[in-house]
Each structure stands twice: as structure tokens, then as C-alpha cells.
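Comments concern the structure below.
Each reported figure results from applying straightforward, stated rules to the coordinates on display, with no laboratory input. If you're wondering where the values come from, they're calculated on a predicted model, not measured in any experiment. Note that we place each Cβ from the backbone using ideal geometry, even for glycine, and neighbour counts take in every protein chain shown.
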Amino acid sequence: MKDNLMFGIGMFAMFGIIVGVIALGMWGFPKYNVWKNQLKGEAQLKEAEYSKQVQIEEAKANLEAEKLNAKAEVERAKGMAEAMEIEGGKLTDEYVKYLWVKTMAGQEKSTIYIPTEASLPLLEAK
């Protein structure tokens, strides 16, 4: 009889533990899902903020590059104006040829323009 009592208490305890685990799971699983989704949302928010910061920094870099390109263009124009002043305020044929040769020197492929009678280019040579 003592064995039957111990067996009954053991079965009751086992049943209580199983019911407790099920109840704990029913209570804890929804809370875990909320916590997991909250962490996922925070991670997505941080990623969006980082992407926004990267775009802002790229835009700032592009703006700075454009400002520097504009300054370089202004300096080039000043140099050209000074060269024109030295030339007497007009473009001479020699200076135009010099500019053309200077431009063509930095290119791999060259297009050669040969002036003809009416200053029309030769489109096809036979």
C-alpha cells in the first residue's frame, strides 16, 4: 500500500510538472515572440538609419567634388582669359592649332580634321 501511495504521489507530481510546463509555455511563448519581433524591428531600424547616413555622406562627398570641379573650371577659365590677353584678345590660327594638338595629345584614338577648300571635312577618303 505504501508503494501504491508513493506511485500515486509520483504520478500526481509528474502530472503537475507536465501541466506546469505546458502552462509556462502557453504564457511564455507569446511573450518570446513579442520580444523576438521587437529585436528584429530594432535591427531593421538601425539598418535603415545606417543606410540613410551612408547616403547622406555620399551626397556630401559628391557636393564637395562638384565644388572642387567648379573651382578647377574657374581657374581654367582664368588661365584661358590670361592667355587670350597675352595673345592680344583674339584667337590666332597658331593658338587654335596649339589648343587642338594639346587636346588630342591626351586621347588614345584621334579624329583628324583636314580643312579643305570650303572648310568642309572629308567624310570619306577613296
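Take Trp27 and Lys2, extend 7 Å from each Cα along the Cα→Cβ direction, and tell me the distance between the two endpoints in nm.
3.7 nm
Report the paramagnetic label zone for Ser51: residues of the stretch 1-39 whose backbone N is under 20 Å from a point 7 Å from Cα along the Cα-to-Cβ axis.
Only 37-39 fall inside the zone, counting backbone N under 20 Å.
Quickly work out the Ala43-to-Ala59 label distance, labels modelled 7 Å from Cα along the C-beta direction, and quote it in nm with one decimal.
2.8 nm
Could you work out how much longer the chain between Lys67 and Val34 gets when fully extended? Use 0.36 nm per residue separation minus the Cα distance between them, nm to one decimal. Could you put the intermediate results ahead of the total?
Values: separation 33, 0.36 × 33 = 11.88 nm, distance 4.94 nm.
Computed gain between Lys67 and Val34 is 6.9 nm.
Between the stretch 10-31 and the stretch 39-54, what is the separation of their alpha carbon centroids in Å?
Using only Cα atoms, the two centres lie 38 Å from each other.
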